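The values are calculated or read from the model by the stated rules, or taken from the named source; none is laboratory data. Model, not experiment: these values are computed from the prediction. Cβ placement follows ideal geometry from the backbone for every residue including glycine, while neighbour counts extend to all protein chains displayed.
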Amino acid sequence: MPSDFKIGYVVANNSLWLLFCPEQFGSQFTLQKIRIKKDTSSPIEVGTKLIGGNRLAITPAGLVVYESERRLPLSELPSAKFYGKTGWVVGLFLNNIEAHNCLDSPGIELCDPRWRRQTNQVLRVIGNDHPSIIPSTWSGISFPPSDP
């Protein structure tokens, strides 16, 4: 297995991020910005890694890097120490080309239904029991339900 196992790509409102772990179910993760949407700006430069925390919450409002001794329910995140956050999430992808195409698409929106299938594929890869990556299941902000 490669030293950095790629989980997938995160398309945020104006940028593309790569999410990877030392191994598929490893406890550490890295979230790195790899592209900014054309004709937009961002306070976080391409190449920046959101580091410092030991947990990553995946919510439609953004991926949040935080520190906690235990997995926190998302309702308890305000009590955690934050290290960074992406913009709101358009979709999650296993495929690099699909992620770039999504970022370049006109009219992207929060949890865009055009990429629901791809988002759910990534959420299934991560699962509900990953030691450090916690997908949202909080009522009202969770990702759309899985498609068949």
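Quick notes on this one:
- The combined condition, being of a type in the set (S, T, N, Q), modelled with pLDDT under 90 and touching a Lys or Arg at 6+ places or on another chain (Cβ under 8 Å), is fulfilled by residue 132.
- The lone criterion from (1) crowded, with 18+ Cβ neighbours inside 10 Å; (2) within 14 Å of residue 63 (Cα to Cα) left unmet by residue 99 is number (2).
- Residue selected from the range 25-45 under the condition more than 16 Å from the chain's Cα centre (by Cα) and surrounded by fewer than 14 Cβ atoms within 10 Å (Cβ to Cβ), by the criterion farthest from residue 10 (Cα to Cα): 39
- Verdict on residue 72 being among the aliphatic types (A, V, I, L, M), part of a helix (DSSP H, G or I), surrounded by 13 or more Cβ atoms within 10 Å (Cβ to Cβ) and at pLDDT below 85: no
- Test: residue in the range 92-109 that is in a strand (DSSP E or B), at negative phi and at pLDDT 85 or above: yes
- Subset of the range 82-126 (residues that are of a type in the set (Lys, Arg) and more than 14 Å from residue 18 (Cα to Cα)): 114, 116, 117, 124
- Count of the range 34-56 residues which are closer than 15 Å to residue 90 by Cα and in a strand (DSSP E or B): 2
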